[in-house]
Each structure stands twice: as C-alpha cells, then as structure tokens.
C-alpha cells in the first residue's frame, strides 16, 4: 500500500515537472516580431519607425551589397537571415556548401557548373596553360610524366584545365587594373603584406586607385570560378588518395607557374607555386603561394600531417590578393603563424582556406581568417578545438565591396582579436581608462565614411563551448553601410569585448549577434549588446539558455543619436541583466534633434525568471518599463505587481 502511494506520488511529481518544463519552453516560443511590435506601440511607434537608413538621397552607393540595404530596411529580418545561414546544410560537398552560403548573402548568382574538356593526354591542358600566361614564357615541351595515361597524370590534367579557367575569370572580373592603377597602389600593397607597425592606414584600402579598380570587380563571378575549381579538386581527391608512394618529389615549370607533387615524407616547401600537392607527412611551409602579380593563381592541397605554416613577405595560405588562391588541408594538428593577408583572405580576387580536421592554431596579423575587400574570402574549419588570433580586421571581416566568411563546425574554440593598434580617437580616450585597441573582428564590416560602403563580415560557429575576446569594434558589428554578423548555434559561450560590440553598429551600419542555445555570458563596457547609433541598427538575439549580460552604460537594447535602433531579444531561460546606467531598453538622442529623429532602444525578454539590475530605475515587468521616451524593457516572465 505504501509503495503504491509512493509510486503514485512520484508519477504526479514527474507529470508536474514535465508540464512545468513544457510551459517554460512555450514561454519563449512567442512571435518576437509581434512582441517587438507591441513594444513599439507602447512608445508611440510602428515598424516604419525602425526602418533605416532614413537618408533622403543616395549615399555611398559604390560597392554596396543589396543584403545590407535589405537588413537595414527591416532590422528584425537579420534574425531570420542568421537562422537560415546557420541551418545551411553541409552535404559533404565543400564547394556546394560555400556556394549556398554566398547565395544566402545575395552577392549575385553563384554558378558551380563548368564545362570540362575531355582529352586523353596533356596536350590540351598544357596549351591552355601557355595561352593563359601573361608573359607567354617559352615553356612548350610537355613533361613525359604528364603525357602518360596514369592516375596522377589525369589528376594533373583535370586540375590544370580548371586553373586556366580561374585565371581567365580573374582577367575578366578582377577589376582589370591598368599599369597606372597598379603603380599607384603597388607600394601601399607591398607594405601591407609584411608590415608589423601600428599605423592602421597601412591596411585600409581607402585610396582612390583602389576605388576605381573595385568598381569594376565582379565578386560573384570570381567566387564562382574559384568554387568550380574547388569542386573539381573535390572530384579528384579519391584518385589522389590512391596515388602510390612517391620516392622523390616531382616538379615541373609550366607557363603559369611551378607545379610540385610531394610524397608522404616530412617535406619543406618554400616559394611560389601554381599547384602544390603534398600526399602526407609533417611538413613545413614557408611563404608558399603566389606573389603580388595581377591574376596569379595558387592551389595548395595537403592530404595529412601535423604541419607548420608561416608567411611574411607574400600573401598567406588561401589568399587571393589581386589573384585567386585555394588551400585545402585534409588533416593534422597544424600551426599557422604569419603576417597579413592570409587564411582565406581576398582583395580584388577570391580566396578559400579549408581545414578538414585537427586541433589547429591560427596566429596571424591583419586581414586574416576570412576576409573580403572587393573580393570574397572564405575560411572553414570542420573539426577540432582551435585557437584563433588576429590583430585587426579578421575572423569574418567584410571591407568595401567584399564578403569575408569564417565558419567553424565543431570544437571548443578560442577567438582573440586586437592588442596591436591603439585607439587614438580623443573622445573615446577621454572616456576610457587605460589603452584600448581596434579589433574589427569576429563578424565585422567596415566602410569608409562618407564615400565607400562596407561589405559583409560573417562568423558562424556551429558547436562547442567557445570563447570570443576582442576590444573595440567586434562581435557582430558594422560601420558605414556594412553588415557584420556573429552566429553561434550551440554551446556555453563567453563573449567579452569593450566598446562597439556584441550586436552593435554605428553610423549607418547593421550589426547582429545571434546565439541559439547554451548558458552564455556577455561582457562589455559601453555601446554593446544590441545597440544602434546614428541611423544604424544593432541586434542581439539569444534563443535559449540561462544567460548573463553585463555592461556599464548605453548598452543592452539602446538606441543612440539620430534614428539609432538597438534591440536585445532573449527568448528563453533565467537571465541576469546588469548595468550601471542608460541601458536595458534606453533611448538617448543627440543634442537638439527634432522629435521625429528620436532613437529607439528595446530589451525584450520572452520568458524565464529574470533579474534586472540598474540602479535608480523602475522594475521591469510584462507591461514594460519606458526610459527616456523611446526606450523600453519588457519582461514577459514577470507579472505586474
């Protein structure tokens, strides 16, 4: 009798727990769009009130990407875009995955279909190499190894023919710089590669010759050509895996550059290569790739081994700087250390870096780890607990007319950016204690005010307990008609930065940080965690988890200066918000602006038992607390007293 009673009690308790957990789940399932609409109504506004940029004449139209305008016109659409990007399926075809991501970003039609010539020998491929050579070097004799119908010969033929097409695509769509253009920028670009100083102007392409070339670049055609080459390489990987042992390294000069095939020994590679295939071993790469010659193509394929890669005087792995580059590493715990422009970086070209597996270290300077400026740069790491370090403008950075992507599929990763170029802006220096540094990393985009629009910077991390650390301008942000996005699908993550960060944008930009699950910590100081400043929008969206938000002021759903739109939405979980002042749904206009230009700040928590700490402010409940006219915080989990 007692046992039956005890069993009955446990079943009732279990049922109550299930019902409670279901109720808690439903608390966060409300339509955030309608809830934001409700918040706007409470402050006397509507959806049109937060549609940007609200400038009655064309501004910075050169190199503008359409997705930037679409998101600014409807700030909440960035959440749906982020969800679609993170859900983009990886079917096993690397090139198709990257093509789908780029289609989602609406950079133009991406075409993976390519005509492949069919031939039983290397005559066609060799002649194509010769015809594409800009200097028509007199290298006409075909090596005997290439003429034979062997597995390796067929692989070389297939890749070589597609490399030719990539070279031809750059000639047509890479901006077609003339001699005067190249002379004007040569010194600046050469300096940018190896520079280690603290002058940020050494890296920012804000000179008029860059603009004129950039206006002629077609990034969708460049991306398509490089992705077609990637698809061809994927198709021959099974054949490469079957190539027997190679006792001695094979090497040939071709009209377009050097081709080398190395075995599974521990090799050292250094210098320029059109194509380098290493079949395995713990290898060392030093300044391997292509030089700064317009239209150069470089393809590196490493099938395994714990490799060490360094670069200093030429663009690094997987870079397309006035050219096209692809680097594919199929396995190993690798260490990458270098200067600037590398690891999936592109300027006036296209670059892809893909690492299949291993616990890797990526330690580099400026413009590295998924960077695009008048080009498309993509960095993908599939497996491993990885360490990312960059000085500035990296880890998913989109400069003018460019798209920069960093995607990490799994592992507990550490991202660090900054610490090199001190912030010298006097107004910020007066507010701050100590020295702070520019980052422009981890899903950031930057344009040149008032002339040139930014691009798209995107960082996607699919799984793992990750740590993101930066300083000023970072973690899903943008400046001047750019779109910056940091998307994390799962894991207990920690986001730490100082200012202009974590779903923040300023001066007509669009910033987004989206985290879909995990107990996360957001740490910032000012202008962070869902902030829009001066006709800009910033959104922080957290789908689920018991989260902690900490800042000092002008943060956590704050709209600042004319038409600023800042939104923080947390759908589920027991959350803690801590700020000192002017935060948690706050509106702060610039001096003497008309009422029609008042900014909007919204903090919306849709469920859970939440704590709001901000001295001298009213309690936040489901009715909403209004601060400074158009700032509002609503806690759907707390009923009014």
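Name the residues in segment 395-426 that are closer than 19 Å to residue 204 by Cβ, assigned by TED's automatic domain parsing to the domain that holds residue 455 and under 14 Å from the mean Cα position of the chain (by Cα), would you? Within segment 395-426, just 417 meets the criteria. The residue that is modelled with the highest pLDDT, among those in segment 122-155 that are surrounded by 15 or more Cβ atoms within 10 Å (Cβ to Cβ), part of a loop (DSSP other than H, G, I, E, B) and in contact with a helix residue (DSSP H, G or I) (Cβ under 8 Å, 6 or more places away or on another chain), is 142. Being out of contact with any strand residue (DSSP E or B) (no Cβ under 8 Å at 6 or more places or on another chain) and surrounded by 18 or more Cβ atoms within 10 Å (Cβ to Cβ) is a description that applies to residue 535. Quick check: is even one residue across segment 260-267 within 29 Å of residue 455 (Cβ to Cβ) and either in the same structural domain as residue 127 (by TED's automatic domain parsing) or surrounded by 19 or more Cβ atoms within 10 Å (Cβ to Cβ) (or both)? There is no residue in segment 260-267 that is within 29 Å of residue 455 (Cβ to Cβ) and either in the same structural domain as residue 127 (by TED's automatic domain parsing) or surrounded by 19 or more Cβ atoms within 10 Å (Cβ to Cβ) (or both). Take residue 464 and tell me if it is farther than 20 Å from residue 418 by Cα, in a loop (DSSP other than H, G, I, E, B) and assigned by TED's automatic domain parsing to the domain that holds residue 72. Answer is yes for this residue.
Counting the residues of segment 347-386 that are in contact (Cβ under 8 Å) with a residue 40 or more places away in the chain, under 14 Å from residue 332 (Cβ atoms) and not in a loop (DSSP other than H, G, I, E, B) gives 1. Selection of segment 61-108 for residues being touching a strand residue (DSSP E or B) at 6+ places or on another chain (Cβ under 7 Å), at pLDDT below 95 and surrounded by 18 or more Cβ atoms within 10 Å (Cβ to Cβ) yields only 63. Answer yes if at least one residue in segment 455-462 is in contact with a strand residue (DSSP E or B) (Cβ under 9 Å, 6 or more places away or on another chain), closer than 29 Å to residue 594 by Cα and surrounded by fewer than 24 Cβ atoms within 10 Å (Cβ to Cβ), and no otherwise. No, segment 455-462 has no match at all. Listed by position, the strands (runs of 3 or more DSSP E) inside segment 499-545 whose residues that are in contact (Cβ under 8 Å) with a residue 12 or more places away in the chain and over 18 Å from residue 455 (Cα atoms) number at least 1 are 499-501, 510-515, 521-523, 526-528, 531-533, 537-542.
Filtering segment 572-591 to residues that are in contact with a helix residue (DSSP H, G or I) (Cβ under 9 Å, 6 or more places away or on another chain) and over 16 Å from residue 620 (Cβ atoms) leaves 572, 589, 590. Could you tell me whether residue 338 is surrounded by fewer than 24 Cβ atoms within 10 Å (Cβ to Cβ) and either outside the structural domain of residue 259 (by TED's automatic domain parsing) or more than 17 Å from residue 373 (Cβ to Cβ) (or both)? No: the conditions fail for residue 338. The residues of segment 341-357 that are buried (at least 24 other Cβ atoms within 10 Å of the Cβ) and over 23 Å from residue 109 (Cβ atoms), listed by number, are 341, 342, 343, 345, 353, 355. Condition (residue is under 17 Å from residue 506 (Cα atoms) and within 31 Å of the chain's Cα centre (by Cα)) applied to segment 606-613: is it met by at least one residue? Taking every residue of segment 606-613 in turn, none turns out to be under 17 Å from residue 506 (Cα atoms) and within 31 Å of the chain's Cα centre (by Cα).
Just to be sure before I move on: is residue 559 closer than 20 Å to residue 458 by Cα and either under 23 Å from the mean Cα position of the chain (by Cα) or part of a strand (DSSP E or B) (or both) in the structure I sent? For residue 559, the condition - closer than 20 Å to residue 458 by Cα and either under 23 Å from the mean Cα position of the chain (by Cα) or part of a strand (DSSP E or B) (or both) - is not met.
Among the residues of segment 432-449, write down those that are surrounded by fewer than 24 Cβ atoms within 10 Å (Cβ to Cβ), under 21 Å from the mean Cα position of the chain (by Cα) and under 18 Å from residue 470 (Cβ atoms). Spell out the reasoning first.
Initial filter on segment 432-449 (surrounded by fewer than 24 Cβ atoms within 10 Å (Cβ to Cβ)): 432-437, 448-449.
Going one step further and asking which of them are under 21 Å from the mean Cα position of the chain (by Cα), we end up with 437, 448.
The answer is 437, and nothing else.
Residue 429 passes every criterion in (1) in the same structural domain as residue 174 (by TED's automatic domain parsing); (2) more than 13 Å from the chain's Cα centre (by Cα); (3) not in a loop (DSSP other than H, G, I, E, B) apart from (1). Using the structure shown, decide if residue 259 is modelled with pLDDT of 90 or more and over 23 Å from residue 359 (Cα atoms). Yes: the conditions hold for residue 259. The set of residues in segment 589-606 being in contact (Cβ under 8 Å) with a residue 12 or more places away in the chain and farther than 18 Å from residue 42 by Cβ consists of 589, 590, 593, 597.
The set of residues from segment 290-320 being touching a helix residue (DSSP H, G or I) at 6+ places or on another chain (Cβ under 8 Å), more than 14 Å from residue 369 (Cα to Cα) and in a strand (DSSP E or B) comprises 297, 299, 301. Would you mind telling me which numbered condition in (1) crowded, with 24+ Cβ neighbours inside 10 Å; (2) in a strand (DSSP E or B) residue 400 fails? Only one criterion is unmet by residue 400, namely (2).
Exactly one condition in (1) buried (at least 18 other Cβ atoms within 10 Å of the Cβ); (2) in contact with a strand residue (DSSP E or B) (Cβ under 6 Å, 6 or more places away or on another chain); (3) modelled with pLDDT of 90 or more is false for residue 217; which is it? Failed condition: (2).
The values are calculated or read from the model by the stated rules, or taken from the named source; none is laboratory data. Note that this is a predicted model, so its numbers are computed, not measured. Neighbour counts run over all protein chains shown; Cβ positions are idealised from the backbone, glycine included.
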